[in-house]
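Okay, handing you the structure first.
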Amino acid sequence: MSARFTRETCSTFIDGLLSGIERKTGWLMAEQAGFSRPWRTQALLGRSHWDADRMRDIVFDYVVETLGDPSGVLVVDETGFVKKGEHSVGVSRQYSGTAGRIENCQIGVFITCASRFGQALIDRRLYLPEAWATDEKRRKDASIPKETVFATKPAMARAMLGEALDKGVPCAWVLADAVYGSDYKTRRMLEERQQPYVLSVRSNQTLRLLTEEGLLQTDPRDMADDLPDDAWQALPASEGAKGLRLYDWARISLPYVVAPGFARYVLIRKSRSNPDAVSYYLVFAPADATLAELAGAAGLRWTIEECFQRAKDDLGLDHCEARSWHGWHRHMTLVMAAAAFLTTLSANLRRSAFGKPNERKSTPPRGIGRGP
């Protein structure tokens with residue numbers, strides 16, 4: 001494909017993602033575009049020459065320009081893509097939070113940028129199981145780059161967060177579930193950057209505290225059990241179908257050495273209707289942050305789930321037919337570009353509602369599926 005032909009096909013592909021067709025597969029996308037066969041759309045994900053990471057950078061900048069706000073957050077999470085065969089890159093029997101069980105699937109790690117103007121995915125990486133990373137034949141068949149080696153999901157997230165923060169994304173908080181919150185390297189990296197976070201952890205997360213009696217080993221569940229009744233405060237965490245969702249919240253200061261002006265806490269959220277439903281977080285925050293601010297930040301983790309749901313239900317994030325490494329990343333990036341466009345339209349409406357005219361673009365910039 002020539003560069004112009006690739007740009008035109010890319011534009012057609014994104015138009016197909018934004019269309020109402022139920023499945024964003026090669027044949028259906030070709031029919032939507034008026035092509036007699038799907039070879040053009042298949043070639044876009046396969047043998048054509050273009051840099052998916054470069055397009056990812058364009059989407060990244062576009063989203064940050066649209067959503068960037070000092071009160072914004074970065075959210076890390078993974079999602080699964082169930083597969084029937086065993087030849088798609090990275091597929092294996094592994095736990096998928098999307099399915100809630102072990103499935104034959106691929107796992108992608110993503111980052112969302114969210115603010116009062118909306119939320120959108122800004123980065124993506126395919127998790128490569130160790131069995132794939134060490135199998136030279138499978139690596140060759142799937143065109144896995146030589147420099148790509150096995151990395152845990154927390155290590156992948158840590159690298160993605162570092163890149164996003166290095167680019168200067170406005171970020172009041174970093175949020176993630178227990179897979180990432182339990183990783184001390186991620187917490188240490190964020191603290192060294194003096195980047196506040198609210199990270200979920202499991203109830204039995206080991207905590208070692210230096211007390212007057214010596215070294216005490218405990219966990220968030222035991223600490224929460226020892227709290228008096230007046231330590232809890234009813235606060236909203238997120239908005240549901242019937243309005244704000246109230247939970248009981250408490251925080252416990254941790255006696256760790258931190259940078260001046262910061263503090264560390266265990267944050268606990270308890271359901272008001274089911275006291276046995278308890279969530280735990282490790283927090284690194286400005287010393288003057290209130291409990292309400294921590295609760296509000298914790299409640300924003302749902303934004304990445306909304307991104308996944310919209311991208312899968314409406315844009316075909318989980319309809320990728322490409323089996324190769326670059327094919328997977330190209331498909332995900334094109335979906336992210338389509339989602340970024342929709343997010344910008346929505347953000348413009350929000351700004352109008354807020355009474356703040358928006359001078360930013362409401363059409364994708366050059367490089368996101370549009371011709372010169």
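The values are calculated or read from the model by the stated rules, or taken from the named source; none is laboratory data. What you see is a predicted model; the values in this text were computed from it and never measured. When we count neighbours, we look across all protein chains shown, and the Cβ atoms used for this are built from the backbone with ideal geometry, even at glycine. When the accessible area is computed, the model is the full protein with side chains, heavy atoms only, and any ligands, DNA or RNA have been set aside. Shrake-Rupley method; radii C 1.70, N 1.55, O 1.52, S 1.80 Å.
Using only the Cα atoms of the range 74-203, build the gyration tensor, take square roots of its eigenvalues as a ≥ b ≥ c, and label the shape rounded, prolate or oblate: rounded if a/c is under 1.5, else prolate if a/b is larger than b/c, else oblate.
Prolate is the answer for the range 74-203, as a/c is 1.5 or above and a/b outweighs b/c.
Still on this structure, I have one more. Tell me the angle of helix 302-315 to the major Cα principal axis of the chain, expressed in degrees between 0 and 90 and rounded to the nearest ten.
For 302-315 against the chain, the angle is about 20 degrees.
Just to be sure I follow the definition: excluding the sites themselves, where is the longest run in the chain that has none of the GluC sites (Glu not before Pro) in a DSSP loop with at most 13 other Cβ atoms within 10 Å?
Excluding the exposed sites themselves, the longest stretch runs over 214-358.
Along the charge dipole of the chain, pointing to its positive end and built from +1/-1 on Cβ of Lys, Arg, Asp and Glu, which listed residue (Trp173, Val73, Leu317) has its Cα farthest out?
Leu317
Solvent-accessible area per residue for the range 16-152 at a 1.4 Å probe radius, Å²?
Working: 6510 Å² over 137 residues.
Averaged over the residues of the range 16-152, the accessible area is 48 Å².
Can you compute 3J(HN,Hα) from phi for each residue in the range 15-27, using the Karplus curve 6.51 cos²θ - 1.76 cosθ + 1.60 with θ = phi - 60°, rounded to whole Hz and x for Gly and Pro?
4, x, 4, 7, 6, x, 5, 6, 10, 8, 9, x, 5
Another question about this same structure. Could you give the dipole magnitude of the chain about its Cα centre, charging the beta-carbon of Lys and Arg +1 and that of Asp and Glu -1, in debye to the nearest 20?
On the way: 50 positive and 46 negative charges, 305 e Å.
Here the size comes out at about 1460 debye.
I need the phi-derived Karplus couplings for the range 135-140: 6.51 cos²θ - 1.76 cosθ + 1.60, θ = phi - 60°, integer Hz, Gly and Pro marked x.
Each residue's phi maps through the Karplus curve to give 9, 5, 5, 5, 4, 5 Hz.
Could you tell me how many degrees, from 0 to 90 and to the nearest 10, lie between the Cα long axis of helix 52-67 and the main elongation axis, the longest principal axis, of the Cα atoms of the chain?
50 degrees
Continuing with this model, one more query. Per residue, how many Å² of accessible area does the range 263-333 show with a 1.4 Å probe?
Normalised by residue count, the accessible surface of the range 263-333 is 39 Å².
For the range 203-304, build the convex hull from the C-alpha positions and give me its volume per residue in Å³.
So the per-residue hull volume is 122 Å³.
Of the heavy-atom accessible surface of the chain (probe 1.4 angstrom), what whole percent is carbon and sulfur? Mind dumping the intermediate values first?
Details: 8770 of 18190 Å².
It is 48 percent, rounded to a whole number.
Just read off the accessible area of Trp325 with the full protein assembly in place, 1.4 Å probe, to the nearest 10 Å².
40 Å²
Kirkwood Rh and Cα-based Rg: tell me the resulting Rg over Rh for the range 1-144, rounded to two decimals.
That ratio equals 0.99.
What does the convex hull of the Cα atoms come to per residue for the chain, in Å³?
For the chain, the hull spanned by Cα atoms encloses 164 Å³ per residue.
Taking the chain as the reference, fit the longest principal axis to its C-alpha atoms, fit the long axis of helix 325-354 to the helix C-alpha atoms, and give the angle between the two in degrees, 0 to 90, nearest 10.
70 degrees
How high is the relative contact order of the chain? Use alpha-carbon pairs under 8 Å, at least six apart in sequence, and give a whole percent. Could you put the intermediate results ahead of the total?
Values: 662 pairs, mean separation 81.5, N = 372.
That works out to 22 percent.
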